[in-house]
1. Restricting the search to the range 183-232, which residues are among the hydroxyl-bearing types (Ser, Thr, Tyr) and within 19 Å of residue 244 (Cβ to Cβ)?
2. Would a scan of the range 95-117 turn up a residue that is polar (S, T, N, Q) and either closer than 30 Å to residue 161 by Cα or in contact with a Cys (Cβ under 6 Å, 6 or more places away or on another chain) (or both)?
3. Just one of the numbered conditions (1) crowded, with 19+ Cβ neighbours inside 10 Å; (2) part of a loop (DSSP other than H, G, I, E, B); (3) of a type outside the set (Lys, Arg) is not true of residue 98; which one?
4. Looking only at helices (runs of 4 or more DSSP H) that lie completely in the range 102-191, which have at least 2 residues being within 20 Å of residue 217 (Cβ to Cβ)?
5. Could you please let me know if residue 148 is closer than 30 Å to residue 11 by Cα, touching a helix residue (DSSP H, G or I) at 6+ places or on another chain (Cβ under 8 Å) and at pLDDT below 95?
6. Are any residues in the range 17-42 in contact with a helix residue (DSSP H, G or I) (Cβ under 8 Å, 6 or more places away or on another chain), under 24 Å from residue 86 (Cα atoms) and assigned to a loop (DSSP other than H, G, I, E, B), and if so, which ones?
7. List pairs: first residue in the range 50-72 and closer than 11 Å to residue 13 by Cβ and in a loop (DSSP other than H, G, I, E, B), second residue of a type outside the set (Lys, Arg) and open to solvent by less than 30 Å² (accessible area, probe 1.4 Å) anywhere in the structure, Cβ distance under 7 angstrom, at least six positions apart or on different chains.
8. Could you list, in sequence order, the residues of the range 194-212 that are touching a residue at least 40 places away in the same chain (Cβ under 8 Å), open to solvent by 60 Å² or more (accessible area, probe 1.4 Å) and touching a Leu at 6+ places or on another chain (Cβ under 9 Å)?
Amino acid sequence: MTTMATGRRRPELAAFLRSRRARITPADVGMPPGPRRRTPGLRREEVAQLSGVGVTWYTWLEQGRRINASPQVLDAVARTLRLDAMEREHLYHLAEVPYAPEPAAAAQSVGPEVLGILAAMDLPAAVYNSRYDVLAANGLYERMFPAVRAAGPQGRNVLWQLFSARACCCAMVNRDEELPILVATFRGAYGRHVGEPSWERLIRALSETSEDFAEMWRSGDVAPPGSRIKVVQHASVGELRCMSTSLSITGMPETRIVVYTPADEASRKLLDCLRTLADPLIGCPAHARPLSEERARQATLKGPENDESRPSGTVRGEQSAGLPE
């Protein structure tokens, strides 16, 4: 941190704390108003008392003096001042203390605004959470990856679709390059959800189903989501080379829109062919079967709960994918 930046942050910290203190009344925290209260909000000594810190220390903090503040103390002050998540993060940055956000649960549904964006896109696009559940997808995405459309609500997961299929039927032609990156990205998100039942069940199911996944998982590699070329095989039209791009969604932590853009003119023409397909093929050329046939097979295996009905608030698909059945 430069001296100039630090010098600018301290007055900002002082002003921020004063403004937050002024909006909390004694009644808000169960204290009597007391006599001769000339200023709105709590007094400094009251904030210090409620936060369990010394009056002098809090006064210096609010004055912007250079003092050390621990995360525990800042959290106590944040609770007293009733800061929301954004205000708490702002307080940490102004105090020059590393901020660790609270773990967020993986999103399970998509609102109408995001669904409208998907429907309006002229490219294959879907909403993933950090567990790689496909929360929603537009029609072109489901033509590009028809196995997702065929899956029941418990099987709409990218990792499950890729690792549970035969190697020859994997949607990714460059699977030796792509699958380790996906697993490393998945592990990077897993660090925030260790011990959560839905994550542990998915990891266990993938490890039991695919030795490839188990080996990649044991490697311990981690990676962030990123843009890259993916080579997709499609039995109906051939191989498509697409750039995948992840776009974060405000208000939906650990969730992103993934968009596939053709990387060359040949892939663009193949994508145009996909637009007109009513019943795309699933699998590799040697094992290809129509989507309608696979959906009928799934309905026979799983019963009426796997029919065409869909929860409201999706674009041609279920809202969420949990542990594959």
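The values are calculated or read from the model by the stated rules, or taken from the named source; none is laboratory data. From a predicted model like this one, the values you see are computed outputs, not experimental measurements. Here the Cβ positions follow ideal geometry from the backbone for every residue, glycine too, while neighbour counts run over all protein chains shown. Heads up: the accessible areas ignore ligands, DNA and RNA and are worked out on the full protein's heavy atoms, side chains in. Shrake-Rupley method; radii C 1.70, N 1.55, O 1.52, S 1.80 Å.
1. Here is the first cut: in the range 183-232, the residues among the hydroxyl-bearing types (Ser, Thr, Tyr) are 185, 190, 198, 207, 209-210, 219, 227.
Residues satisfying the conditions are 185, 227.
2. Step one: of the range 95-117, the residues polar (S, T, N, Q) are 108-109.
Applying the additional criterion that residues be either closer than 30 Å to residue 161 by Cα or in contact with a Cys (Cβ under 6 Å, 6 or more places away or on another chain) (or both) yields 108-109.
So far as the range 95-117 goes, yes, one or more of its residues are polar (S, T, N, Q) and either closer than 30 Å to residue 161 by Cα or in contact with a Cys (Cβ under 6 Å, 6 or more places away or on another chain) (or both).
3. With (1) crowded, with 19+ Cβ neighbours inside 10 Å; (2) part of a loop (DSSP other than H, G, I, E, B); (3) of a type outside the set (Lys, Arg) applied to residue 98, the lone miss is (1).
4. Numbers: elements: 112-120, 139-144, 146-150, 158-164, 175-190.
In the range 102-191, 158-164, 175-190 are the helices (runs of 4 or more DSSP H) which contain 2 or more residues that are within 20 Å of residue 217 (Cβ to Cβ).
5. Values: closer than 30 Å to residue 11 by Cα: no; touching a helix residue (DSSP H, G or I) at 6+ places or on another chain (Cβ under 8 Å): yes; at pLDDT below 95: yes.
Answer is no for this residue.
6. Hits for the range 17-42 are 24, 40, 41, 42.
7. Qualifying pairs under 7 Å: 63/14; 64/13; 64/14; 67/61; 69/61; 69/95; 69/97.
8. Listed by number, the residues that qualify are 201, 212.
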